[in-house]
Structure formats: C-alpha cells, structure tokens
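Beneath this line is the structure, given in structure tokens, with notes to follow.
The values are calculated or read from the model by the stated rules, or taken from the named source; none is laboratory data. Source: prediction; values computed, not measured. Here the Cβ is made from the backbone with ideal geometry for all residues, glycine too, and neighbour counts use every protein chain on show. Accessible surface is based on the protein model in full, side chains and every heavy atom, while ligands, DNA and RNA are left aside. Shrake-Rupley method; radii C 1.70, N 1.55, O 1.52, S 1.80 Å.
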Amino acid sequence: MNAPISGSSAYQAPTLLEGTSSTHLTPSGSNETVAVPRNDAGTSLLMTRSPNPCRRGCRSVEACACTPGERARYLARLSRPLLDRIDVHVEVPPVPYRELEADRPPGEGSAAVRKRVLAARERQRARFGRARVRVNARMTSRQVGRYCGLSAEGRQLLAQAVDRLGLSARAHDRVLKVSRTIGDLAGAEAIGVEHLAEALQYRGLERWFL
Ligand SMILES: [Zn+2]
C-alpha cells in the first residue's frame, strides 16, 4: 500500500479506536476502504512512501532544508495515529554505485531465517501458556507490563526515547513488543538493551515530528 503523502491528504483512519475489531483505511482519492484487523498476527500491513518526502526532496530528517511551515504541511499528510500502529519504520537510503558493484558477503539464507522465526514463535507459545494470546504483537497493555520487563539501563533508555521522540503510550507499548520479538529471535530470555535500541531504531518516522 502506498502512503500518498504527495496528495492533499493521507490515509484517513477514522475508526482508530481501541476496542474496535478493525481499522479502516481510506486511501486518498479512492472510494475504497481497506479493513485491517486490529493487531491481528495473521495480517501484515506494509506501506511505502516516496523517498523524497518534502517539497525540496529532502532524503532524511537530518538533511531536511525545509522551513518549519513546509515541514508541518508535509507532516500533516502523515497520520501519526496510523504511524503508531505500524511496528517497524525502515528508511532505505539510496545505495551508492560503488557499493552496488562491490562483492558483498551473502546474507542469512531463508532456511536459516525460517528456523529462527519458528524458534521465536515457540518461545512465545511457551511464554503465554494458557493465555489466549499466542504472539507478542497481540499482547494487551497489561501483558506488556508483565512480559516485557526491562533492566534499569533499559528503562532509562526507553524513558529518554519516549521524551525525546514524544512517543504515545501506544507507540511505547509497540516498542516493547518489537523489543520482545527481537529478543525472541536472538533466543534471549530477557529483553536486552541492544534489543530495545534496535526496536527504537524502527521508529525513524517519529523523528520528523520533532
Ligand atoms: Zn524537507
């Protein structure tokens, strides 16, 4: 799904309320509404956006040369409540030609990744036991409190990030759930500071709102 931030309005999400069973998205300029089951582990929502977000084609928030007014107009097209519901934001910078040419070591193969994912799923199944929830993404706020404990160092890092990025309560819980999953993929019993730091990196779009 493309997030049409160059249009006059972003995806409108009028029913983004806790307690609803689904989220309805209406792409701008379209009569179609897409129903996205809320927190459903069986559904993956993937959105892309233009690599040149601002009027001047700024590639990153650090390189943004827009005035505050221009930037505010751009951000008004991105729905923050919608961003809150997306687990992972990834910025994909252009790859310089010399890197495309260079010999790079092969990445982890699909079979190995599958094994790691299945092990992480098993870890989650064991964690939740008889609870109705089976995967981290579906944890309630209370379960996040119970299963996503942090060390003192982790708590400090998260508190700083919440203040710095102005994260909502929902985004805060989401960071913890993603951290728990990164930890599960690494086979870790507890959420480490490195897992939390990685999850925070996946909130890159929040920086545009600072
Ligand atoms: Zn800009």
Report summary line: If we ask which residues in segment 162-210 are assigned to a helix (DSSP H, G or I) and touching a residue at least 40 places away in the same chain (Cβ under 8 Å), their number turns out to be 21
Report task. State the number of residues belonging to segment 77-107 that are closer than 30 Å to His172 by Cβ and either modelled with pLDDT of 80 or more or touching a Lys or Arg at 6+ places or on another chain (Cβ under 9 Å) (or both). Result -> 14
Query raised in the report: Any residue at all in segment 147-157 that is hydrophobic (A, V, I, L, M, F, W, C) and touching a strand residue (DSSP E or B) at 6+ places or on another chain (Cβ under 6 Å)?
Result: no
Query raised in the report: Just for segment 128-161: of the residues that are part of a loop (DSSP other than H, G, I, E, B) and hydroxyl-bearing (Ser, Thr, Tyr), which one is least open to solvent (accessible area, probe 1.4 Å)?
Result: Ser151
Requested in this report: Can you work out which of the residues in segment 67-93 that are within 16 Å of the ligand (Cβ to nearest atom) and part of a loop (DSSP other than H, G, I, E, B) is nearest to Gly204 (Cα to Cα)?
Outcome: Glu91
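Sort out which residues of segment 42-56 are at pLDDT below 65 and open to solvent by 60 Å² or more (accessible area, probe 1.4 Å), and write them in order of number. Explain how you work it out, then say what you get.
From segment 42-56, those at pLDDT below 65 are 42, 51-53; that's our starting set.
Residues satisfying the conditions are Gly42, Pro51, Asn52.
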